[in-house]
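Below you'll find the structure, written out as structure tokens, and then a few comments.
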Amino acid sequence: MSAAEDVVTEAPAVEAVPKRAMTLGTGTSLLVLAVLLIVPMFVKNFIIFQMTMLLIYGLAVLALNILTGGSGQFSLGQSAFYAVGAYTSAVLMEYFNVNYALTIPVSAAVCFAFGYLFGKPALRLSGVYLALATFALATAMPQLLKLNFLEHWTGGVQGLVVTKPDAPFGLPMSQDTWLYYFSLAVVLAIYIFSVNLLRSRSGRAFMAIRDNEIAASSMGVNVALYKTLAFGVSAGITGVAGSLGAIAVQFVAPDSYTITLAISLFLGMVVGGVGWLPGSFVGAAFIIFVPNMAEGISKGLSGAVFGVLLFAVIYLVPHGARQIAIMGQQLVGRLRKN
Amino acid sequence: MELFTNQVLAGIATGAIYACMALAVVMIYQAIDHLNFAQGEMAMFSTFISWQLMQWGIPYWAAFVITLALSFVGGIAIERILFKPLAKAPVLTNVAGFIALFAIINSSAGLIWDFTIKQYPTPFGSSPFLGSQLISTHQAGMIGVTVLLLLGLYFFFQYTKIGLAMRAAASVPESARLVGINTSWMIALGWGMASAIGAIAGMLIAPVVFLEPNMMGGVLIYGFAAAVLGGLTSPFGAVVGGFLVGVFENLAGTYIPGVGNELKLPIALALIISVLVVKPAGLFGRQIVKRV
Amino acid sequence: MTTLLNVKDLRAYYGQVQALHGLSFSLSEGSLTTLLGANGAGKTTTLRAICNMVRSTGGIEFDGKPLNNRSTESIVRFGIAHVPQGRGTFTTMTVEENLQLGAITRKDSAGIVSDIERMYAHFPVLKQRHTQQAGTLSGGEQQMLAVARALMLRPRLMLLDEPSFGLAPLVVRDLFGILGKINREDKVSILVVEQNAQLALELADQAYVIETGRIVMSGNAKDIANNEEIRKSYLGY
């Protein structure tokens, strides 16, 4: 029709998600929060632990979502940032006796700097090239952690044991329950921060770059700054997830942070819906529970079962959980009209 | 100096493996515009089929040809059944599909043929090549096959009608349809060819790395790296990239202190990325000018 | 004259949005017909609907055979060549490869070779640049290449979408001259969509005017060009 649509030669790799569609409505959010607050009072410790892991992985997926869904950059290297966060907390807690809660902002800062610096050379790369670069980072990380001269700090292949914190002020709850609420508070704070970030001027800049980099730069968006910033923020949040993960699992070792973790986080993002922040937690549930389910269905073929389930999900909802949310919303809208 | 020459030679020998795989990667990238993460597993599965055929008493070359045909048809079938329905889905959803396919093939191969390492025969013999201890006749044969394959592909894409149609379908699908090309089948054909090339790569690699379900993991990564280094649009670049990566990797392992086997891969990748930072479209890739 | 293309009650949709609201027109064999109208009137959509590139309902008959529900690539085999808006150049391929692609459905290799030479005679600049990457051509050259590529099909009907778009006036004159020649000498029927109504009416023998997805005016091109009222209210010149 108009000439403009024919002249855009290349479609962006990541679909445009309007910033309003990136979050949940207030009512739904409060409902979800209430469930998250109440459920742990009625379930066993093991389930609480799994819910904690869900929050932590969800946070890591959210970080990737800001990078990919927000600024259109693709990363297979999130496991590296996760590892740096985990080791930062572990080393601070075990060698310097720093309080676990205080290690989290340190992790965030260290990972932000790391991500920002990594984002600098990555600026020249996009698409598959960026995927390869981040992939290289992810494969290198476990090897770097095993290096001899770092062994004094990292514990080499053996890794480090992390002490699980008790509930403070003599609160009558188990360590697992306390850690759950602690993680929930951190995740909630970061979630709110992220939502606001994407609604802010910086968020608009991210999305402009995602949708059309050249057009964004011609409108005066500092593409280099915002792309590296997106990497930094994403890495920082992933680092926090890594810290919480280290505390929850009470152990860090190089082989926990391989490329498999990065791929899982990527799958979590796709299943949850690229660019839809609440979907990160749905995606996290998928990557935590579906492999176990697959194992339950068939031990020998667990990989195949997982693959088939993954195919089933992407056939049914190619846009991830976001699609279900949109369908639900339309349904509610229609019911209200009638 | 002798150490250096030897390491370069050894690098070229392993480079042939990567070059072969990189060719398959470029093939499918041309057809579908994505990197197929399951490509290595498809090649592994093909290799197992050929092994099974030989176990049943079929001679090497007959098994080779049957495997190629089966892989070609299998590649097309995978596209038609699994990926055609995803044609309109977002790119990242397709990537998730590749990962799912990876898991399915890997786990099925493990169940059918188990995870023990198997010997795989070579048609070229494994004596030293021209008296060199570093390159065996098998490795020389592998380099020869890679070069032949490259020439064949070059001829196919430059001088045949169907090769021209495939390139057109990959570069501007809408225009390709408007001149009467069935783009959907061109994609399927690309999958078939990539699968067959992968099968050749697998059958040549198996005598070196031994046959088992995880044999292609590392190789595919190097293959990707080689393809990206050479420029994803150029089969020639992919082959050169393959040899370069092989040499890079060997020299890094020899001359950079503290590298050893574990860090070879990251270092090779880091080098490639430095090249890409300078030449973002790869060494032989086509610079595509973007317009707003 | 026999009717080559007959379009009846055509409705087309982009998602939920309806772009054509029951459009009917016909084109006789050997004619050069133009569809005129403002931006967004539905001209491009009409051409895209003929080639089944948008979802549509209604009847489209070519030489008495229905085209509905056929794929774009099989419609080409009826002898319908579509030069899309934006030219659809295979930018990464050479000029000559672009021409070969135009003839990809033909089986007569000797005829293809001689047709390529014929195109070089029509458009000498393409011959000079035949080994060059098509993306490096100027806009006018790419438009010529697109027309030449379409002619390589030896089409019975050529659909042209705003061939004058983005071209310098002199280049447009040239191009339209060649189109007229092709229509007269090679007996190719042409349906051309244009915003430059004055030029199109000079060239065409039959004209239709579209407004918001409907035909509002049809007739002999000369009559329309001479009718000041129509010109002022619909064609803006």
Out of the residues in region A:251-280 that are modelled with pLDDT under 90, surrounded by 21 or more Cβ atoms within 10 Å (Cβ to Cβ) and of a type in the set (F, W, Y), state the one that is nearest to B:L111 (Cα to Cα). A:Y257
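Among the strands (runs of 3 or more DSSP E) contained in region C:1-63, which hold 3 or more residues that are within 16 Å of the chain's Cα centre (by Cα)?
On the way: elements: C:3-14, C:17-28, C:32-36, C:55-62.
Those strands (runs of 3 or more DSSP E) span C:3-14, C:17-28, C:32-36.
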Out of A:V274, A:V249, I need the residue that is more than 13 Å from chain B (Cβ to nearest Cβ) and either of a type in the set (V, I, T) or in contact (Cβ under 8 Å) with a residue 12 or more places away in the chain (or both). Which one? A:V249
Counted residues in region B:31-44 being buried (at least 24 other Cβ atoms within 10 Å of the Cβ), under 16 Å from A:L132 (Cβ atoms) and more than 9 Å from the chain's Cα centre (by Cα) come to 1
Could we say that C:V113 is hydrophobic (A, V, I, L, M, F, W, C), loosely packed, with under 15 Cβ neighbours inside 10 Å and on the phi < 0 side of the Ramachandran plot here? yes
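Looking at region A:151-170, which of its residues are part of a loop (DSSP other than H, G, I, E, B) and among the acidic types (D, E)?
Restricting attention to region A:151-170, the residues satisfying the condition of being part of a loop (DSSP other than H, G, I, E, B) are A:155, A:159, A:162-167.
Of everything in region A:151-170, just one residue is part of a loop (DSSP other than H, G, I, E, B) and among the acidic types (D, E), namely A:D166.
Condition check ((1) surrounded by fewer than 18 Cβ atoms within 10 Å (Cβ to Cβ); (2) of a type in the set (A, V, I, L, M); (3) outside any loop (DSSP other than H, G, I, E, B); (4) out of contact with any His (no Cβ under 9 Å at 6 or more places or on another chain)) across all residues:
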{"site": "C:L153", "(1), (2), (3), (4)": "no, yes, no, yes"}
{"site": "C:S164", "(1), (2), (3), (4)": "no, no, no, yes"}
{"site": "C:L175", "(1), (2), (3), (4)": "no, yes, yes, yes"}
{"site": "C:L201", "(1), (2), (3), (4)": "no, yes, yes, yes"}
Scan region C:68-94 for residues that are assigned to a loop (DSSP other than H, G, I, E, B) and touching a Leu at 6+ places or on another chain (Cβ under 8 Å) and jot them down. C:F78, C:G79, C:P84, C:R87, C:G88, C:T89, C:F90, C:M93
I'd like the residue in region B:45-83 that is under 18 Å from B:M186 (Cβ atoms) and free of Cβ contacts under 8 Å to residues at least 40 places away in the same chain and, out of all such residues, is farthest from the chain's Cα centre (by Cα). B:I81
Whether any residue in region B:73-85 is touching a helix residue (DSSP H, G or I) at 6+ places or on another chain (Cβ under 7 Å) and within 9 Å of chain A (Cβ to nearest Cβ) is what I want to check. yes
Picked from region A:133-153 (must be touching a residue at least 60 places away in the same chain (Cβ under 8 Å) and surrounded by fewer than 21 Cβ atoms within 10 Å (Cβ to Cβ)), the residue nearest to the other protein chains (Cβ to nearest Cβ) is A:A140
With criteria (1) over 30 Å from C:R106 (Cα atoms); (2) surrounded by fewer than 20 Cβ atoms within 10 Å (Cβ to Cβ), C:R184 comes up short on (1)
Cβ-Cβ under 9 Å pairs, at least 6 apart or on other chains, region C:36-54 side within 15 Å of B:L178 (Cα to Cα), far side assigned to a helix (DSSP H, G or I) and of a type in the set (A, V, I, L, M, F, W, C): C:I50/C:I75; C:C51/B:L178; C:C51/C:I75; C:C51/C:V76; C:N52/C:I75; C:M53/B:L178; C:M53/C:L47
Go over the candidates B:F115, B:F98 one by one and state the one that is outside any helix (DSSP H, G or I), within 14 Å of chain A (Cβ to nearest Cβ), at pLDDT 85 or above and out of contact with any helix residue (DSSP H, G or I) (no Cβ under 7 Å at 6 or more places or on another chain). B:F115
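For residues that are more than 7 Å from chain B (Cβ to nearest Cβ), of a type outside the set (V, I, T) and part of a helix (DSSP H, G or I), tally how many sit in region A:290-308. It would help to see each step written out before you state the result.
Within region A:290-308, the subset more than 7 Å from chain B (Cβ to nearest Cβ) is A:290-299, A:305.
Adding the requirement that they be of a type outside the set (V, I, T) leaves A:291-296, A:298-299.
If we keep only those that are part of a helix (DSSP H, G or I) too, we end up with A:291-296.
Matching residues across region A:290-308 total 6.
Here is a list: B:I17, B:I28. Which entry is modelled with pLDDT under 85, more than 14 Å from chain A (Cβ to nearest Cβ) and buried (at least 20 other Cβ atoms within 10 Å of the Cβ)? Break it down into steps so the answer makes sense when it comes.
On the way: B:I28 fails: more than 14 Å from chain A (Cβ to nearest Cβ).
The unique qualifying residue is B:I17.
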Identify, please: which residue in region A:318-337 is within 14 Å of another protein chain (Cβ to nearest Cβ) and free of Cβ contacts under 8 Å to residues at least 24 places away in the same chain and is, among those, nearest to the chain's Cα centre (by Cα)? A:P318
Within region C:56-114, how many residues are within 14 Å of chain A (Cβ to nearest Cβ), in contact with a Ser or Thr (Cβ under 8 Å, 6 or more places away or on another chain) and aliphatic (A, V, I, L, M)? 0
Restricting to region B:220-237, what's the tally of residues that are of a type in the set (A, V, I, L, M), farther than 14 Å from B:N36 by Cβ and under 13 Å from the mean Cα position of the chain (by Cα)? 2
Pair list, Cβ < 8 Å and 6+ apart or interchain, from region C:141-156 residues that are in contact (Cβ under 8 Å) with a residue 12 or more places away in the chain to residues that are of a type in the set (D, E) and not in a loop (DSSP other than H, G, I, E, B): C:L151/C:D115; C:M152/C:D115; C:R154/C:D115
So for region C:116-138 (the condition being more than 14 Å from chain B (Cβ to nearest Cβ) and of a type in the set (V, I, T)), does at least one residue qualify? yes
Is it true that some residue in region A:57-69 is surrounded by fewer than 23 Cβ atoms within 10 Å (Cβ to Cβ) and under 17 Å from the mean Cα position of the chain (by Cα)? no
Sort through B:A169, B:A176 and tell me the only one that's under 24 Å from B:A238 (Cα atoms), at pLDDT 85 or above and surrounded by 20 or more Cβ atoms within 10 Å (Cβ to Cβ). B:A169
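The values are calculated or read from the model by the stated rules, or taken from the named source; none is laboratory data. All values derive from a computational prediction rather than experimental measurement. As a convention, Cβ positions derive from the backbone with ideal geometry for all residues, glycine included, and neighbour counts pool all protein chains shown.
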